[in-house]
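The values are calculated or read from the model by the stated rules, or taken from the named source; none is laboratory data. These numbers come from a predicted model, not from an experiment. Cβ placement follows ideal geometry from the backbone for every residue including glycine, while neighbour counts extend to all protein chains displayed. Protein only, heavy atoms only, side chains kept; ligands, DNA and RNA dropped before computing areas. Shrake-Rupley method; radii C 1.70, N 1.55, O 1.52, S 1.80 Å.
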Amino acid sequence: MSSIPRFHLAFPVHDLEEARHFYRTLLGCREGRSDSAWVDFDFYGHQIVAHLVSPSSASAVQGKHKDAGANHVDGEDVPVPHFGLILKWDDWTALAEKAKAAGIAFVIEPQIRFQGKAGEQATMFFRDPSGNALEFKAFRDERQIFAVD
């Protein structure tokens, strides 16, 4: 059992089979329970649920690659909303290489953010097939996760 609480996140997708392929193949998520309208994934010990929504559900899904906005962070426009994980450095590097090899289009290319400053981190952003933005990051020193200047 995890020593920290696990999170649960439900998010919209427009095609469950595309979501299954993306989350299982690229991210290595084990599939859990499912129904014709949703599927659970083990997202590194956390439960995420892809919920099928119709394209006409404009309030639920505003179309592929549309965000509520973006924030300018260390020279990049970070899509909002987004979700993701803080990985171990080697796991982050392996995922970055796997994503590149799979031809994933990055929203923000794998890079080091806040270089030489408090909170220095490796980060990358990309989208799932339904346009949901994901961020994966890593810290060489995990004590820097909540660092302040």
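So how many residues does region 99-123 have that are open to solvent by less than 60 Å² (accessible area, probe 1.4 Å) and either polar (S, T, N, Q) or touching a Leu at 6+ places or on another chain (Cβ under 8 Å) (or both)? Summing the residues that are open to solvent by less than 60 Å² (accessible area, probe 1.4 Å) and either polar (S, T, N, Q) or touching a Leu at 6+ places or on another chain (Cβ under 8 Å) (or both) in region 99-123 gives 5.
Listed by first and then second residue, the pairs linking a residue in region 121-149 that is touching a residue at least 60 places away in the same chain (Cβ under 8 Å) to a residue that is open to solvent by 10 Å² or more (accessible area, probe 1.4 Å) and among the basic types (Lys, Arg), with Cβ atoms under 8 Å apart and 6 or more places separating them unless they lie on different chains, are SER130/LYS64; GLY131/LYS64; GLY131/LYS66; ALA133/ARG127. Within the option set LYS88, LYS117, being basic (Lys, Arg) and within 17 Å of the chain's Cα centre (by Cα) holds for one residue only, LYS88.
When region 31-75 is limited to residues that are acidic (Asp, Glu) and open to solvent by less than 60 Å² (accessible area, probe 1.4 Å), the one that is modelled with the lowest pLDDT turns out to be ASP67.
Limited to region 94-129, what total is found for residues that are assigned to a loop (DSSP other than H, G, I, E, B) and modelled with pLDDT of 95 or more? Within region 94-129, residues that are assigned to a loop (DSSP other than H, G, I, E, B) and modelled with pLDDT of 95 or more number 6. Considering only residues in region 1-24 that are under 14 Å from the mean Cα position of the chain (by Cα) and open to solvent by 70 Å² or more (accessible area, probe 1.4 Å), the one that is farthest from LEU85 (Cα to Cα) turns out to be ARG24.
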